[in-house]
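Each reported figure results from applying straightforward, stated rules to the coordinates on display, with no laboratory input. From a predicted model like this one, the values you see are computed outputs, not experimental measurements. With ideal geometry, Cβ positions are generated from the backbone for all residues, glycine too; neighbour counts draw on all protein chains shown.
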Amino acid sequence: MHITEAQCEALGILNKVTLVEAPFLNIYQQRIKELWDVYKIELLFTGDIPDICNNFMVHATEESGVELANEGFDIVVFCVNIDKIDQTVAIDSVGQSYFHGYEKIKEINVNSSFLKANLYYAVATEYNITFIDGTSPDPWRLGATRPELIKMATTPIPSARRIVDIKSNSAFISMMWPREVPYFKLETNVNLGGRNTILPIETVLNEIYLIRKYCFENLSPDTDYTLTTYFGHYYLPDDGFESLADLQTIRTLKN
């Protein structure tokens, strides 16, 4: 925060700190609308330049009077985690365009056909399906390339989990992804009784799981609600998307 304040002071521009809290989408929409109503700010630049949480910032700026600036400029890499990215690529990426680094990583993954993480590999495998439609004597084939997760060890691949904590007027859902299973991009979503969430109220890491915690409040006691949870992830850039949705009925506690 102090670095941002120093940059604003050096540039001679206003620095205003605005706090947001749950429900995040509604609060973001209110705060962004205030930028226009109070300061007549017309254009918003944000660090969330790629698609974050299903176009969260696009939805946050809707009907606010403020335009989201997400095109027409470049992103420069200034810091890379060498535990996650090959050191040669990391060194070459610093000071370069974000898209330069992205293409480098994609090139390595696609050319070698795997993404290594601990004892796991996402391997591109081919499959073919033969169709006979009953009207033509000649069958036809559909072929495609599909990444498949294979572990180079005897232990099974750990599964994603969810934990539901139900009270009389609220429910907390923890979406838990095993840290050692690789992914290029991970999406999670929770829907309860038709109410959807965009951002978790908390994200934590322990030795085993990445945990995203979602909260629903103002529920009616002793009432059934339909809970839908969703994990979606890419093993490789732009390829290998796999999704898993689960649906169940939960009941709030009595007062």
Requested in this report: Work out, step by step, the length gained on full extension between residue 157 and residue 250: first 0.36 nm times the residue separation, then minus their alpha carbon distance; give nm to one decimal.
Outcome: 30.7 nm
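Sequence gap at least 6, Cα distance under 8 Å: using those rules, report the relative contact order of region 2-68 to the nearest whole percent. All intermediate terms of the calculation are to be shown ahead of the outcome.
On the way: 47 pairs, mean separation 22.3, N = 67.
Reported relative contact order: 33 percent.
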Query raised in the report: Assuming R0 = 22 Å, what is the FRET efficiency of residue 20 and residue 67, from their Cβ-Cβ distance, to the nearest 0.05?
Result: 0.65
Query raised in the report: Per residue and in cubic angstrom, what volume does the convex hull of the Cα atoms of region 162-255 have?
Result: 94 Å³
Query - Calculated FRET efficiency for the pair residue 10/residue 203, C-beta based, R₀ 25 Å, to 0.05 - result: 0.15
